[in-house]
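Some notes on the structure that comes next.
The values are calculated or read from the model by the stated rules, or taken from the named source; none is laboratory data. Being a predicted model, the structure only gives us computed values, none of them experimental. Neighbour counts run over all protein chains shown; Cβ positions are idealised from the backbone, glycine included. Just so you know, the surface numbers come from the protein's heavy atoms only, side chains and all, with ligands and any DNA or RNA stripped out. Shrake-Rupley method; radii C 1.70, N 1.55, O 1.52, S 1.80 Å.
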Amino acid sequence: MIYCPNCGTANREGSRYCNQCGAPLTPEEGIKCQICGAINSPENEKCTNCGASLKPAPSPEEKPAEELPKVPVFPEEIILTLEEEAPDFLADLRAKAQEVVLPEEERVEEEAEEEKEEEPIIILEERYEEEELPPTPAEEKPTVTVEYREEELPDWLKEAKEIVLPLEPSPPADWLKEVEIPWLEEEIVEVPALAEIPPWLEALRPIEEAPAAPPPEEEAEEKGVLQGLKGLLKPATIFEPPEKIPLRREVAELSLGSEEIQKLVKLKPAAPAVKIKAPPKEIRTHRLIHFILFLAVLIPMLIGWPSMPSGSPPTPLGVEKFFQTVEALPPGSFVLVAFDYEPYMAGEMEAVAYPVLAHLKGKGCRIALISLNPMGPALAQALGERVGLRYGEEFINLGYIPGVEAGLRALGTSEDWLVRYDYLQGKPLDSFPAFQSIKGLKDWNLIVLFSGQSSTLLGWIEQVGSVIEVPMVAGVISGLKPYAEPYLNSGQLKGLLGGMTDAAFYEAVLGKPSEATRAAPVQAFALLIALLVILAGSLTRGGSHA
Amino acid sequence: MNELSVAFLLFFALFLYIAFIEVRIRGKPNLRPMPALDFLKEGLQRAIESGRPLHVSPGTGTVGEKDTAETLAGLGLLEYAHRQGGLYGIPVTSTFFHPTAMLSGYDFKRRFGPTGGRIYFIAPERGIYAAGAAEVLKNERPILNLALGPFGYEFLLLSEAAESYGLDQVAGATDPAVLPFVYSSTEHSLIGEEVFAAKAYLSKEPKALAGVIAQDVMRFILIIGITVGVILKTLGVI
Amino acid sequence: MLNPDFIGQWVALFLTLVVFSYLIKDNFLYRLAIHILVGVAAGYALLVAYKAVLEKMLILPLLQDPQTNVGLVVPLTLGLLLLAKLLPRMGWVGNVSMAFLFGVGAALAIGGAMVGTLWPQTLASISSFNLAHVGLPGAFNNFILFIGAISVLFYFYFTGAQRRKALRAVASLGKAFIMIAFGALFATGLVTFVTLLISRINFILEVVGW
Amino acid sequence: MRKVIPILVAVLSGLTVLADFFITHPILDLVGRTLLQWAMIVAAFAFVAGLLNIFFTHTSRVFHREKGWGYSIVVILAMWAVLVFGFLEPEGPHGYVVSWIFRYVQYPLQATVMALLAFFALSAGYRAFRRRTLESTIMLLTTSLVLLGYAAIMTDLWPMSALKEWILSVPAMAGVRGILLGVALGITATGLRILIGMDKPYSD
């Protein structure tokens, strides 16, 4: 156990930072801030308390000794580090600093002005950064070069180049065209390529590519073969803390005495300053909102709300189509009903499914219930019994298909009907006289989807609907109504019931008011209150997100 | 229609290959700025300074079913986090909805070294996953919450919990029904197909960038196709 | 009176109230309930995975009829290799299994997206503006549908094309359409949540016998 | 070999399943279906890994007395309770005890947790619509009109309801369609990269 010097919390042995407040736990190794005296972790470049720079720049001679063992041993590590965007943070910070001078929007404008004339909309070549490849000696393999150079060039520099340079990209060198390596062999090729670059060659690499980056090559060159090797693996070592420091130091110097810039560079004071909780005022507001909504639902339910007034809004198109599709079924049709909502959506989905099942029963259809959800069959069974369907004659329960898309795909493509036993009694389907003639998915007259999430709805439409010709209609939660509209519009769905409100319309058309009709006024009232809350929110002065 | 689909896919694959070679030769294309990902990088800096972990959630999807592509986008972000975490010593805590995705998490841990964060498999039930991940946030006190991938409404539970602990968030989802909640509950969000581009933006690997470019080319073909179709239909040709 | 269902009703009521108490303050009982939920759901999922898939599709066929189902040895092997992922050193052994899952998943995703969304939605976007075909309201709606879908597609352009002013205007129009869609989806999502809330409060009132 | 075999497996299995979408052939259908069934079985094995993860992660939390370790005990106990009863009863998930736990513990908890979304969505909306941007204003306007349409069902103001339907089925649908098409493109790009072996998320 280590106890935090700052807040006293007990932390796990070996922890470097406090679990509670984030303060460093090893103050004896810490650095005392020259300005305010706070103890900082050795990794910190800036004081956590006052933000002042903590260290003078380590001179280049200080670095190498401890870094030597870090030279990657495994080839995989080499690839890994080469792919890494080494001076990315530096590049980003510079980009930020650049924005101080030239705001984003203007810069884009400027570029647009410059390139308006020449730039076609879609031509591959035009859309790349202008990047001249250095004339590299022939023995170097291209994979290494491209990635290495790419990393070395900070973004801001590229942008500058982009404005200055002519637009026509320089044609790639001939040798580059020759050595096209299919990506399948890439790893195998890359490793020898790396190892093949002799250190002296690496040292000779022209450095005018990245004038702003600290030029490590010089150092490598001076110190013989082994050090030269380190120069070769520069992108690996740039991540070690001693290398990080100069990057930060530059920013710190930049920001000294200039709070504006410091803000823009977003160098917030470190750990303890991270806010732990939203401001109390915000929390109070949210509690009030929650309370209002709770009452808006509870009160109408307690006192009872008058039933729907006699105003007759036009029935939504999807509901109309749904009704007509079911209405057009001849008596004795086979209808496959998929109960694909997770149990927590039952609150809305049962209200949607109920009038449909009642309608199907009224039409004398033979209904089979199926589900992609392990709990679906139980829910479906309960609902079927609530509607008053007779098991074995008017409906059977086919249980659960495991594996959402894979299961549906198997169901859709299979010639024969894959579900052979019913869920409730485990009897073979042949033993139910009413369902004996079902031999495959195409024998159904209609598929009704009850879906509580986009993935199952889409699963049926994509994996089954695209394969067979059986018409599909869907009842979904309100939230999925706009999502399902495109599929109704495209004709992939023949009808759509979007949530409890649409179910209330359906009940009105059917002439059998039920749960949805009863709950609709409560819902409407709660939504009205919710709307008022949102409008009130939009009128208040902006908060944390503004 | 099938022939057209196959042709479309072949073209797509061809453009992927061409774009890959182009990127290898010419370097990174000029990409539209994506502030959420810039913010993510800043967040990583703060994580380094604070020593507190990151939390990454690759969404409520699986590997091996239809949401594989979205899950892969989330896993791409996780890979990036692990890579950075391995290099800078940022603990990366990840929570998983489905064990198939979790095994990819173990892969990253193995490849980039243990970061000090934990891998939590929670439960393959959407609402429960979000509530459980919120509890992980509470216990681990990360500094940044990264949630990218296939999410349903449960996303809102996770993001509201993160918001109440004052965490910075970068989030993205593909399901249109969930997007408004992603957009309104987090400051930095990736919407729709931006999710798929996240890995290309972050890792800048030619292979990932090729995907983005090829996607744009195919998008252009699609736009042209629709426009021409509409004109022909209006004129009564088809 | 004290049958399991009666007890269950009150347990369910208690747990419902515990979860609602989170709105007032994050508390011990809420956290306890959530952790129970996590454990139960994980256990349940494992149970279903074993009973519905492993037992029914793998173990029983292999035991009962090994000759015809000899092919099932492949997924058995892949599955066992998958477990090696948990081991720090031997993890690479499971790469084959993950590769299989990724391959099949990617194919399902592409196939579904192409056949289910890309083609039908593209074809549905191709609609006539001709007043003679669809009348004024139809032409107007079709025009909005066309402009909306196209501009939203433009908005997502990643590579540079937005630097042109005209294209940027189209992209901003796309952003506006996205915001309209978001507004609508936000509202309908809220409708669903409120409906779920109503059903929970209804449950509470039912149990206490209001 | 260590690298090549996974790539081959991914590419071949993927292309076979994809070809099954576009080509109707009895043998291909059978092979495709078998592959899908295998994928289901392999994915089910991952659940065993999930079990081990939960067990070891939470045990280690308890062992190290990490913050909230008491709850970890609860997780492990609850999981084992379901598993033990599930395997004791021959019906498995449909056995009496497991059904009881589902009906009176998991279902009410889950449903109530999702009902909390009403509150969270409302406070997220309250926060978000304070952003004073054009985008935010468009979104607020649409949300208000649609909500008014839903609320208008209890009044005689049925034009509001018709306006809501129009918004949902025309401008909002245009936006949704654009997003859906874009996502489909993204899925295709991401998936194709796996199928041609360009992206190897499974490889070391």
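Considering only the stretch B:52-64, I want to know if a residue exists there that is more than 22 Å from B:A133 (Cα to Cα) and surrounded by 24 or more Cβ atoms within 10 Å (Cβ to Cβ).
Start the filter on the stretch B:52-64 by keeping residues that are more than 22 Å from B:A133 (Cα to Cα), which leaves B:64.
Now narrow it down to the ones that are surrounded by 24 or more Cβ atoms within 10 Å (Cβ to Cβ): B:64.
Within the stretch B:52-64, one or more residues are more than 22 Å from B:A133 (Cα to Cα) and surrounded by 24 or more Cβ atoms within 10 Å (Cβ to Cβ).
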With criteria (1) more than 14 Å from chain C (Cβ to nearest Cβ); (2) at pLDDT below 85; (3) within 22 Å of A:N373 (Cα to Cα), A:I438 comes up short on (3)
State which residue is farthest from C:I180 (Cα to Cα) when the search covers only the stretch B:190-238 and only residues that are surrounded by fewer than 24 Cβ atoms within 10 Å (Cβ to Cβ) and polar (S, T, N, Q). B:S203
Which of (1) more than 10 Å from chain C (Cβ to nearest Cβ); (2) outside any loop (DSSP other than H, G, I, E, B); (3) within 30 Å of A:G407 (Cα to Cα); (4) among the hydrophobic types (A, V, I, L, M, F, W, C) does A:L480 not meet, given it meets every other one? (1)
Output the residues belonging to the stretch D:158-200 that are in a loop (DSSP other than H, G, I, E, B), farther than 28 Å from C:K175 by Cα and touching a helix residue (DSSP H, G or I) at 6+ places or on another chain (Cβ under 6 Å). D:I196, D:G197, D:M198, D:D199
Out of the stretch A:465-477, which residues are surrounded by fewer than 24 Cβ atoms within 10 Å (Cβ to Cβ) and not in a strand (DSSP E or B)? A:S466, A:V467, A:I468, A:E469, A:V470, A:P471
When you scan the stretch D:68-76, do you find a residue that is assigned to a helix (DSSP H, G or I), in contact with a Phe, Trp or Tyr (Cβ under 8 Å, 6 or more places away or on another chain) and within 7 Å of another protein chain (Cβ to nearest Cβ), even just one? yes
Residue, farthest from D:F119 (Cα to Cα), within the stretch C:10-44, restricted to residues that are more than 7 Å from chain D (Cβ to nearest Cβ) and touching a residue at least 60 places away in the same chain (Cβ under 8 Å): C:W10
Contact list, first residue from the stretch C:49-68 and facing chain D (nearest Cβ under 10 Å) and of a type outside the set (K, R), second anywhere and assigned to a helix (DSSP H, G or I) and exposed (fewer than 13 other Cβ atoms within 10 Å of the Cβ), beta-carbon distance below 7 Å, six or more apart or interchain, is none
Of the numbered conditions (1) hydrophobic (A, V, I, L, M, F, W, C); (2) open to solvent by less than 10 Å² (accessible area, probe 1.4 Å); (3) more than 9 Å from chain D (Cβ to nearest Cβ); (4) assigned to a helix (DSSP H, G or I), B:L87 satisfies every one except a single condition; which is it? (2)
Within the stretch A:310-348, work out how many residues are part of a loop (DSSP other than H, G, I, E, B), over 27 Å from A:Q453 (Cβ atoms) and open to solvent by 30 Å² or more (accessible area, probe 1.4 Å). 6
Criterion violated by C:G135 - all others in (1) open to solvent by 20 Å² or more (accessible area, probe 1.4 Å); (2) over 30 Å from A:F525 (Cβ atoms); (3) facing chain D (nearest Cβ under 7 Å) satisfied: (3)
Suppose we keep only residues that are hydrophobic (A, V, I, L, M, F, W, C) and open to solvent by less than 30 Å² (accessible area, probe 1.4 Å) within the stretch D:20-39. Which one would you say is farthest from the other protein chains (Cβ to nearest Cβ)? D:L35
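Here's the yes/no breakdown for (1) in contact with a Phe, Trp or Tyr (Cβ under 8 Å, 6 or more places away or on another chain); (2) among the β-branched types (V, I, T):
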site	(1), (2)
C:A113	no, no
C:T122	no, yes
C:V152	yes, yes
C:I180	no, yes
Among (1) within 9 Å of chain D (Cβ to nearest Cβ); (2) in a helix (DSSP H, G or I), which single condition is B:G225 missing? (1)
Per the list (1) under 30 Å from A:G376 (Cβ atoms); (2) of a type in the set (S, T, Y); (3) assigned to a helix (DSSP H, G or I), residue check on B:Y153 breaks on (3)
Count - residues of the stretch D:123-143 that are within 7 Å of chain C (Cβ to nearest Cβ) and within 24 Å of the chain's Cα centre (by Cα): 1
Somewhere in the stretch B:21-28, is a residue more than 7 Å from chain A (Cβ to nearest Cβ), assigned to a helix (DSSP H, G or I), buried (at least 23 other Cβ atoms within 10 Å of the Cβ) and not polar (S, T, N, Q)? yes
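Mind listing whichever residues of the stretch B:49-69 are part of a helix (DSSP H, G or I) and more than 22 Å from B:A161 (Cβ to Cβ)?
Pass one, the stretch B:49-69, residues part of a helix (DSSP H, G or I): B:49-50, B:68-69.
Listed by number, the residues that qualify are B:E49, B:T68, B:A69.
Given B:F108, B:F12, which one is assigned to a helix (DSSP H, G or I), open to solvent by less than 20 Å² (accessible area, probe 1.4 Å), touching an Asp or Glu at 6+ places or on another chain (Cβ under 9 Å) and aromatic (F, W, Y)? Explain how you work it out, then say what you get.
On the way: B:F12 fails: touching an Asp or Glu at 6+ places or on another chain (Cβ under 9 Å).
Being assigned to a helix (DSSP H, G or I), open to solvent by less than 20 Å² (accessible area, probe 1.4 Å), touching an Asp or Glu at 6+ places or on another chain (Cβ under 9 Å) and aromatic (F, W, Y) holds for just one of B:F108, B:F12, which is B:F108.
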Among the residues of the stretch B:146-162, how many are open to solvent by 10 Å² or more (accessible area, probe 1.4 Å) and either more than 7 Å from every other protein chain (Cβ to nearest Cβ) or in contact with a His (Cβ under 8 Å, 6 or more places away or on another chain) (or both)? 1
Yes/no for A:A358 being in contact (Cβ under 8 Å) with a residue 12 or more places away in the chain, more than 38 Å from the chain's Cα centre (by Cα) and more than 25 Å from D:G95 (Cα to Cα): yes
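Do we find that B:H82 is open to solvent by less than 10 Å² (accessible area, probe 1.4 Å), out of contact with any His (no Cβ under 9 Å at 6 or more places or on another chain) and at pLDDT below 95 in this structure? Full working, then the answer.
Details: open to solvent by less than 10 Å² (accessible area, probe 1.4 Å): yes; out of contact with any His (no Cβ under 9 Å at 6 or more places or on another chain): yes; at pLDDT below 95: yes.
Taking the combined requirement at face value, the residue satisfies it.
Among the candidates C:T122, C:T159, which residue alone is closer than 22 Å to B:F220 by Cβ, open to solvent by less than 50 Å² (accessible area, probe 1.4 Å) and modelled with pLDDT of 90 or more? Give the derivation first.
Values: C:T159 fails: modelled with pLDDT of 90 or more.
Only one candidate qualifies: C:T122.
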Name the residue, out of D:Y104, D:Y150, that is facing chain C (nearest Cβ under 9 Å), in a helix (DSSP H, G or I) and open to solvent by 10 Å² or more (accessible area, probe 1.4 Å). D:Y104
Go through the stretch C:79-119 and give me each residue that's more than 12 Å from chain A (Cβ to nearest Cβ), open to solvent by less than 20 Å² (accessible area, probe 1.4 Å) and of a type outside the set (G, A, S). C:L82, C:K85, C:N95, C:M98, C:F100, C:F102
Return the residues of the stretch A:438-453 that are surrounded by fewer than 22 Cβ atoms within 10 Å (Cβ to Cβ) and among the small types (G, A, S); say none if nothing qualifies. A:G440
